[in-house]
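Since the structure comes first, as structure tokens, the remarks are kept for the end.
The values are calculated or read from the model by the stated rules, or taken from the named source; none is laboratory data. Note that this is a predicted model, so its numbers are computed, not measured. Here Cβ is always computed from backbone atoms with ideal geometry, including for glycine, and neighbour counts include all displayed protein chains.
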């Protein structure tokens, strides 16, 4: 693929991820970075991996994207004038653990190769403003050679099909939605910044089948995500958030990619559903699932995700400090109670990588600052996994264990 020239106006969803990044980097921590790990049975040859990656023009172009600031410091993506191949850092795991490469800028793609106990783990890291969950999976597919992208990494900006007046109506509608959904006493965590903790609940195939039977039993027919969110909220209410408010407020991302679209398209193709979940609705798993499903259905009927997409499009023209003010205004600066994302099946078609059997795939959430705790629900090879990222000053490991015990009890019938 030739390094096609492009200049791409950053989308509203991308700019939202930039906003979160500024909050994180103010505290001198790695920014809003998402990570995908692929573990294989056996050792990956680092020399062969470097050859595959450094000679791939698409990956080099992703790694060389520049951020151009124009009028009112509104950023644009543009192809870099200096092409820089992706850096691969090799690690041998020891008792002292691993210190991973720190992301120095938002426009960097990093790959760590870790060897431990006879297996290798490929860890891909990229800024959330450049890639959503599908995007980082596509990067893994490019490395594996299962897809060969052509053209620039970003799709052309979608053409507006409605008038400015209609777009303004959608923007006002979305603004009212967010303010209406914000609870009066939102449960939240308050803490100074600290190291990020990671914990994974990994269910085997039999347990996953039992959990999916429980999904049906609790009547989550329209969306399994409603069941997983209900169970997560109930377990949080019982443990970590027991004395920290009386209602959860959170945005949940919704994938806007069309079926069959964007196999190689970067950027964020997301909108959001907003949930206000009073603690009083979290006493029974079936009722909690029904309550969340009802909110989801109502917002979809009202085309709220579409309206929120227009709100993000409108806000992308604002200077970042003004954007920041509007974003935090409904929640008085707290952002939300926690972050939750159900990304579904990850890399379902990939059974091997560089000729070696894939034994584990994990989607790691970005840094949980704010709101100090983040969850990713995913499946790989028929097994359910729930990965938690948390601020270790807001939540200690004993509280995480209590939460995971409560969540497991709710998920398994």
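Observations
- Taken over the stretch 361-372, the criterion of being within 19 Å of residue 116 (Cβ to Cβ) and modelled with pLDDT under 95 is satisfied by 364 alone.
- So residue 386, is it touching a strand residue (DSSP E or B) at 6+ places or on another chain (Cβ under 7 Å), in the same structural domain as residue 199 (by TED's automatic domain parsing), modelled with pLDDT of 95 or more and not in a strand (DSSP E or B): no
- Residue match in the stretch 395-410 (condition: at pLDDT 80 or above, assigned by TED's automatic domain parsing to the domain that holds residue 207, within 18 Å of the chain's Cα centre (by Cα) and surrounded by 19 or more Cβ atoms within 10 Å (Cβ to Cβ)): no
- Failed criterion for residue 241 (all others in (1) out of contact with any strand residue (DSSP E or B) (no Cβ under 9 Å at 6 or more places or on another chain); (2) crowded, with 21+ Cβ neighbours inside 10 Å; (3) modelled with pLDDT of 90 or more; (4) outside any helix (DSSP H, G or I) hold): (1)
- Any hit, the stretch 246-257, residues being closer than 27 Å to residue 301 by Cβ and either free of Cβ contacts under 8 Å to residues at least 24 places away in the same chain or not in a strand (DSSP E or B) (or both): yes
- For the stretch 264-281, a residue qualifies if it is touching a helix residue (DSSP H, G or I) at 6+ places or on another chain (Cβ under 7 Å) and either outside any loop (DSSP other than H, G, I, E, B) or surrounded by fewer than 22 Cβ atoms within 10 Å (Cβ to Cβ) (or both), and the qualifying residues are 264, 267, 270, 271, 272, 273, 274, 275, 276, 277, 279, 281.
- Qualifying residue in the stretch 303-319 (condition: touching a strand residue (DSSP E or B) at 6+ places or on another chain (Cβ under 9 Å), part of a helix (DSSP H, G or I), modelled with pLDDT of 80 or more and under 20 Å from residue 183 (Cβ atoms)): yes
- In the stretch 81-116, the qualifying residues are those that are at pLDDT 85 or above and in a loop (DSSP other than H, G, I, E, B), and the one that is surrounded by the most Cβ atoms within 10 Å (Cβ to Cβ) is 109.
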